[in-house]
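The values are calculated or read from the model by the stated rules, or taken from the named source; none is laboratory data. Everything quoted here is computed from the prediction, not taken from an experiment. Don't worry about glycine lacking a Cβ; one is built from the backbone with ideal geometry, like all the others, and counts go over all protein chains shown.
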Amino acid sequence: MNKIKVYQFEAYDMCNDGMKKSLRWGTRETIEKIVAGSKVLIETETEVDESAVSSDIPGLTNIGFRPPSKNDGFQTSVKINLDPY
């Protein structure tokens, strides 16, 4: 599978009259081409399998996409119960 870079982005939300982070991720080219007035959040650059952007809108992920984390599958914290009872 080929790898591509995807980004989160902000777009204008008419209901709230302001910028809002999208629930999708997308390639920079797609975001700049089809999401008018959007702002690509460069710092969110993530490399994923090309299949991640094969949604209903080519170049964008499905709503609610969560890219794999470097920590997926690894324990990252421990909860300690200090209550003796």
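Values for this structure:
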quantity: Pairs with Cβ under 6 Å, 6+ apart, first in the stretch 37-48 and closer than 10 Å to residue 9 by Cβ and in contact (Cβ under 8 Å) with a residue 12 or more places away in the chain, second surrounded by 15 or more Cβ atoms within 10 Å (Cβ to Cβ) and of a type in the set (Lys, Arg); calculated: 40/28
quantity: Strands (runs of 3 or more DSSP E) lying entirely in the stretch 1-54 (those with 1 or more residues that are touching a strand residue (DSSP E or B) at 6+ places or on another chain (Cβ under 8 Å), at pLDDT below 90 and over 13 Å from residue 66 (Cα atoms)); calculated: 3-13
